[in-house]
Amino acid sequence: MLEDRPILQLDQISKAFPGVKALDNVSFSVSSGEVRGLVGENGAGKSTLIKIITGAYTRDSGSMTFDDNEIVKNSPIISTAKGIYAVYQDVMVSPHLSVAENFFLGKQPKIGPFVNWRKMYRDARRFLERIGLDTDVRKTVGELSMAESEMVTIAKAIWGNPKLVIFDEPTAVLTKSETKVLFKIIKDLQNEGVAVVYISHNLEEVFEVCDTVTVLKDGALVGTYTTEELEDVEKLIPLMVGRTIEQMYYKRELEIGRELLRVDNLSGERFNDISFNVRAGEIVGLFGLIGAGRTEIARAIFGVDSLRKGMITLKGKQVKLKKPKDSLDNGVGYLPEDKRSQGIFPQQDIDFNINIINFEKVMKAGFISYRKAHAQARDYVNKLSIKISSIYQPLFELSGGNQQKVIIARWLCKNPDVLIFDEPTVGIDVGTKSEIYRLFGDITESGKGIILISSYLPELMGVSDRIYVISAGRLVAEVQKKDFSEERLLRFAMKNVVSTAKIEEAG
Amino acid sequence: MRKVLVLFAMFALILGSTLAFAAYEIAFIVKATDSDFWQYTIVGARNAEYDLQGLINVTVYGPLREADIDHQIAILEDVVMRRPDAIVMSSTSSEAPSAILDEAYELGIKIVLIDNYVYDTRFNSFLATDNQVGGALAADNLVAALEEAGLPLSGKVGLISAMAGVQVLIDRTDGFLTRLAEIAPDLEVLPTIYTDNDIAVSADAAADLLIAYPDLVAFFGNNNHTGIGVARTIEEQGVANRVSAVAYDSDPLQIDALETGALDALIVQDPHGMGYKGVMFAFMALHDEPLPEYYDTGVYVVTRDILDESMWILDPFGRARY
Amino acid sequence: MAGKRERKAFAERNLLIIVVVMWVFLAVATRGNFSSFANITNLLRQTSINGVVAIGMTLIIITAGIDLSVGSIVGLSGMVFALLTSTRGAIQMDMLPALVIALLAAAAVGLVSAIAVHDGKVPPFIATLGMMTLVRGLVMYVSGGRMVTGLPMEFRQFSALRILGMPALAWIWILLIILMLFVLKYTKFGRNLYAIGSNQEAARLSGINVRINMYSFYVVAAIFSGIAGLMLATRMAAGVPTGGSGYELDAIAAAVIGGASLMGGSGTVLGTALGAVIIQTMRNGGNLLGADPFIMQILIGALIVLAVFFDQYFKARKRLRVTRRASKEVDEK
């Protein structure tokens, strides 16, 4: 099938965001009737590639041809009109309209000026029956379960007679029987000559439904392989992760001190029975796939989300951390994953952003001394070599890397015993990354401990002393530095995700 | 025998209560409930109800503010739905309620308009102050006040109006301007300033004019709130001896201002009489008594000298009999 | 580096220029009438009541909220004070306790709004719209819809009082501006306000108790409206049931012209004060010039839209420059 002339052809596509190169000269093509898997680690560039195909992002360079026409100007509306449909969750359907209305949006059947509801419901129901769903077409999408609405979203994509359908992690919310239906839909599409791109972290699923697999790594193309030549999943993982560990990941060899933080049997919203510890001078990695529960664990320790059960011990003393203030007072700090929505105060200046949790240090008789506050801010700006024109610059004017450094400055100034970094280097350029690792060294050298949450394995392996692997809300392994290997960690992380039974049933 | 007696008593009770319930329902709709002027008309209406000793039943309605024209219309619609025997109404708008009032008239509801005329509707009688006459009286008294204070009959006159496009206010202003031009042609009236019937805004406007025109010698405030605003500014700036002021209506604060000399004369309508006579006219209409199509309720001039003997007209609350 | 500090005062400086231009124009156009000491102090007194309401409004707008109930609170505090102290009333309380009770009544309204907004997750627009109607109804109910007169003589004379030639009402406003400039900059209350306003989640994660702070913002804002209500009562020498109605719109206009963003996180007391002065200058100047009042209304409306338009326009241009610079940096790497 690869010999066919491709319906979609991307050549030398590049895309950069402030501070990071998301795609670097990637070429990609799919033929009609082909089911193509697209795999790679978190941040490998899969989503960026898809968004360029659908026109949600504009490419910086490169060309795109679809159905023998060169696409110069693209947007989600243009791509849909040409027959490209992408199934993201909850994006394409309106939750307030009925299933049938969602299908007929903008082109309802009419009798005179009035909507012909009977015909609309009848046609929608027949269509769903044909593809194997028995959803009530009169219900609004908002009334459906997550899985049902996902299936309706998929059905709507097919309803539009697409030439190319892109599935982005479609099975995350589906049950076994629905996954089975989905796989059948994909086979049907293939038989009708529709091209399919299938993205999933679940490699066994990819093997099950795809003819060919494209692997991306760090925004660059690794290659495209047929499933036959790969033989099995085990051979795919090294392609996704294999890279030489660069010089910049280093961990200073320090003497490990006493235990700073210990958590026992923590259970909460999306995790169960988690126990681990952090000692002075140590960086402890938390690894897991996106959605495994790493961030939830961090938020619970920091007192943002509530714990169902479990015990937290700080420097040998059992504590209750019910709100962030408690954690701050007890020497625990947390740098959230999504700094844009949870970390920064964009309109406020750098001075404000650094000092917001540190005003206590510069208060005189209950009032802020700005002489001291400004000196404190400048001190940390220099220490972290943050590139700014003045500390009175509002934060939104800075690049992502410098914003992150300002937040780190905020916490370094606060100087807690244990600092939790949640994806601190996402969207940050290489130079700033290595500076951040150097800061990790400074922090641990002063006898503090770090918990590092990262999806980027080379980084995690490069700087951590130990790594705990979380899979589907459970702690599945503690790996010592000498046993670090990308394959090993990735396998642990996928342990609870791949349910072989589900695929067997679907097949 | 006892049974018969009980039966008779019950019969009497039922008959009595039927008679009581047979009192005429008269709806009394005012322009606004937030001003003393309309409260005074309500006193008049209630006194009429009292004097007629159970023959009528007066219910009072009205929006909060005069600016709420649409709210008053909604009230009128609701009242018509309840089919009272008569409606006594002071309409804020001269046109908006026409259709509804005419429909009510068609239904046999007696319509008595007070204070403000409504076009294109049938009605039984219209009672109002001739505001042109009132405006002219204001001009007369302003000139008298200037003469008494020994001020020249030349210079600027500030005219503060509560609202644009309200017929009674337009009449007062017209009457004032026409007469003033006749008797004191050297006084120049400045362009009218509208203040949304807000006391503070009226006071601000008066203060601005005093600064803009050093030769300003007099003010006319064409209702209670503008009058209070003017008086407050005159008091605050201590210019009572070189600026004369006349205002329409008679809020307690205006009476205070008359006492302090901030205002020189009040042109007072007879709100009590308007309410009282309005209800009485409605009662007469229900008995098919002939009524004049228009009845002038008259205006009174109150100055400091005759303040004490004018209290009956200034503060009708003292006259409440109910 | 220190020179760059002016960046923060960018909006205020532009507003100051607008005020100066307007004043110079009016001074010339009115042949010095406008610029007379009497008129400038008069203008400041006229601005003072809206100015005080607008300070409170600014706090709420910085939290990314809006407070429609301020006008009703103005009416409430004036009416409560009038009912408690009127020499024609039944209570005839001393002034000082009556002032305190009037302000407590105002504060209570703010607290209810805050609970609805923070704990009830009712959008501020809706919560305060409800309070606006509810409180106005309450004022009407307790006063029977009638003006309450007979306030103590000292209180009535206060509005005419001048200190160093400046009306006492204007002094109150100016002192409150200075106080709030200080509070917002030098206390944790002020810093927390900007933190919560620019990113509530980040503020929570910085250990700020969002609930207590939100309560206090709304209560303080309501107290400002309460103070304005008392100022209005002395100006009118009475408790007026409809007093303060429509003031919310003037206050929002002042804050918005002053550079506060309804998205939250930005806005200054000084900017708002200048915004209030600009609005009142247009009214006062219009009266002085004998300009058509309806034309003045059109101009004030246009000014509000233009002020926000230019603010957005300059911000957007700046943002564009920043992103361009950022992507250039990447290319260079």
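Considering the conditions (1) surrounded by 15 or more Cβ atoms within 10 Å (Cβ to Cβ); (2) within 12 Å of residue A:152 (Cβ to Cβ); (3) touching a helix residue (DSSP H, G or I) at 6+ places or on another chain (Cβ under 7 Å), residue A:95 is excluded by exactly one of them, (1).
Counting only residues that are of a type in the set (Val, Ile, Thr) and surrounded by fewer than 24 Cβ atoms within 10 Å (Cβ to Cβ), which one in region B:20-46 is modelled with the lowest pLDDT?
Step one: list which residues in region B:20-46 are of a type in the set (Val, Ile, Thr), which gives B:26, B:29-30, B:33, B:41-43.
Right, trim to surrounded by fewer than 24 Cβ atoms within 10 Å (Cβ to Cβ) and you get B:29, B:33, B:42-43.
On the way: B:29: 95, B:33: 82, B:42: 93, B:43: 94.
The extreme case among them is B:33.
Restricted to region B:270-310, and to residues there that are touching a helix residue (DSSP H, G or I) at 6+ places or on another chain (Cβ under 7 Å) and among the hydrophobic types (A, V, I, L, M, F, W, C), the residue that is surrounded by the most Cβ atoms within 10 Å (Cβ to Cβ) is B:279.
I need the full set of residues from region B:190-229 which are away from every other protein chain (no Cβ under 11 Å) and surrounded by fewer than 18 Cβ atoms within 10 Å (Cβ to Cβ), in order please. Let's see the steps before the verdict.
Residues of region B:190-229 away from every other protein chain (no Cβ under 11 Å): B:215-223, B:226-227.
Hit for region B:190-229 is B:215, nothing else.
Within region B:32-48, the set of residues being closer than 12 Å to residue B:250 by Cα and in a loop (DSSP other than H, G, I, E, B) comprises just one member, B:35. Of the residues in region C:48-60, none is without any contact (Cβ under 8 Å) to a residue 12 or more places away in the chain and either more than 18 Å from residue C:230 (Cβ to Cβ) or polar (S, T, N, Q) (or both). If the condition is being buried (at least 24 other Cβ atoms within 10 Å of the Cβ) and either part of a helix (DSSP H, G or I) or within 8 Å of another protein chain (Cβ to nearest Cβ) (or both), then region C:257-267 contributes only C:257. Looking at (1) aliphatic (A, V, I, L, M); (2) more than 24 Å from residue A:99 (Cα to Cα); (3) within 22 Å of the chain's Cα centre (by Cα), which one does residue A:209 not meet, given that it meets all the others? Answer for residue A:209: the failing condition is (3).
What is the residue count in region B:166-189 for residues that are assigned to a loop (DSSP other than H, G, I, E, B) and within 14 Å of chain C (Cβ to nearest Cβ)? Show your work before the answer.
Going residue by residue through region B:166-189, those that are assigned to a loop (DSSP other than H, G, I, E, B) are B:166, B:184-186.
So of that shortlist, the ones also within 14 Å of chain C (Cβ to nearest Cβ) come out as none.
Count: 0.
I need the full set of residues from region A:300-326 which are in contact (Cβ under 8 Å) with a residue 24 or more places away in the chain, surrounded by 15 or more Cβ atoms within 10 Å (Cβ to Cβ) and within 29 Å of the chain's Cα centre (by Cα), in order please.
Correct list: A:300, A:301, A:302, A:303, A:304, A:305, A:307, A:310, A:312.
Scanning region A:327-336 for residues that are buried (at least 16 other Cβ atoms within 10 Å of the Cβ), at the interface with another protein chain (Cβ under 10 Å from one of its Cβ atoms) and farther than 16 Å from residue A:403 by Cβ yields A:327, A:328, A:333, A:334.
Can you confirm whether region A:18-30 contains a residue that is over 28 Å from residue A:486 (Cβ atoms) and modelled with pLDDT under 90? Scanning region A:18-30 turns up at least one residue that is over 28 Å from residue A:486 (Cβ atoms) and modelled with pLDDT under 90.
When region B:239-264 is filtered for residues that are charged (D, E, K, R), within 11 Å of chain C (Cβ to nearest Cβ) and surrounded by fewer than 24 Cβ atoms within 10 Å (Cβ to Cβ), only B:256 remains.
Hey, can you tell me all the residues within region C:268-310 that are assigned to a loop (DSSP other than H, G, I, E, B) and within 17 Å of the chain's Cα centre (by Cα)? Scanning region C:268-310 gives a single hit, C:268.
Looking across region C:233-251, just one residue is at positive phi and surrounded by fewer than 24 Cβ atoms within 10 Å (Cβ to Cβ), and that is C:246. The set of residues from region B:125-158 being surrounded by fewer than 22 Cβ atoms within 10 Å (Cβ to Cβ) and touching a Leu at 6+ places or on another chain (Cβ under 7 Å) comprises B:126, B:143, B:153, B:154, B:155, B:156. Of the helices (runs of 4 or more DSSP H) entirely within region C:16-120, those holding at least 3 residues that are within 14 Å of chain B (Cβ to nearest Cβ) occupy C:37-62, C:70-85.
Of the conditions (1) surrounded by fewer than 16 Cβ atoms within 10 Å (Cβ to Cβ); (2) modelled with pLDDT of 95 or more; (3) aliphatic (A, V, I, L, M), residue C:230 satisfies every one except a single condition; which number is it? Tallying (1) surrounded by fewer than 16 Cβ atoms within 10 Å (Cβ to Cβ); (2) modelled with pLDDT of 95 or more; (3) aliphatic (A, V, I, L, M), residue C:230 fails exactly one: (1).
Within region C:121-144, no residue satisfies the criterion of being within 14 Å of chain B (Cβ to nearest Cβ), within 19 Å of the chain's Cα centre (by Cα) and exposed (fewer than 15 other Cβ atoms within 10 Å of the Cβ). Please identify the pairs in which a residue from region A:230-242 that is over 12 Å from residue A:204 (Cα atoms) has its Cβ atom under 9 Å from the Cβ atom of a residue that is of a type in the set (D, E, K, R) and in a helix (DSSP H, G or I), counting only partners at least 6 apart or on another chain. Between residues of region A:230-242 that are over 12 Å from residue A:204 (Cα atoms) and residues that are of a type in the set (D, E, K, R) and in a helix (DSSP H, G or I), the close pairs are A:238/A:486; A:238/A:487; A:240/A:486; A:241/A:486; A:241/A:487; A:242/A:486; A:242/A:487.
Yes or no: residue A:195 small (Gly, Ala, Ser), more than 30 Å from residue A:288 (Cα to Cα), modelled with pLDDT of 90 or more and buried (at least 18 other Cβ atoms within 10 Å of the Cβ)? Working first, answer last.
Numbers: small (Gly, Ala, Ser): yes; more than 30 Å from residue A:288 (Cα to Cα): yes; modelled with pLDDT of 90 or more: yes; buried (at least 18 other Cβ atoms within 10 Å of the Cβ): yes.
Yes.
On the given criteria, is residue A:171 part of a strand (DSSP E or B) and either hydroxyl-bearing (Ser, Thr, Tyr) or crowded, with 21+ Cβ neighbours inside 10 Å (or both)? Answer is no for this residue.
At least 2 residues being out of contact with any Ser or Thr (no Cβ under 9 Å at 6 or more places or on another chain), more than 11 Å from chain C (Cβ to nearest Cβ) and at negative phi is the threshold, and among the helices (runs of 4 or more DSSP H) wholly inside region A:337-412 those reaching it are A:370-383.
Mind counting the residues in region C:145-167 that are within 13 Å of chain B (Cβ to nearest Cβ) and in a helix (DSSP H, G or I)? Within region C:145-167, residues that are within 13 Å of chain B (Cβ to nearest Cβ) and in a helix (DSSP H, G or I) number 4.
In summary, residue A:444 fulfils each of the numbered conditions (1) over 30 Å from residue A:272 (Cβ atoms); (2) of a type in the set (Ser, Thr, Tyr); (3) in contact with a Leu (Cβ under 7 Å, 6 or more places away or on another chain) with the single exception of condition (1).
Looking at B:296, B:256, which is the one that is without any contact (Cβ under 8 Å) to a residue 60 or more places away in the chain and of a type in the set (D, E, K, R)?
Working: B:296 fails: without any contact (Cβ under 8 Å) to a residue 60 or more places away in the chain.
Every option except B:256 fails the conditions.
Here residue C:170 passes the criteria (1) within 15 Å of the chain's Cα centre (by Cα); (2) away from every other protein chain (no Cβ under 13 Å) except the one numbered (2). Counting the residues of region A:284-311 that are farther than 29 Å from residue A:253 by Cβ, β-branched (Val, Ile, Thr) and part of a strand (DSSP E or B) gives 0.
The values are calculated or read from the model by the stated rules, or taken from the named source; none is laboratory data. This is a predicted model, so every value here is computed, not measured. Glycine also receives a Cβ, built like all others from the backbone with ideal geometry; neighbour counts cover every protein chain displayed.
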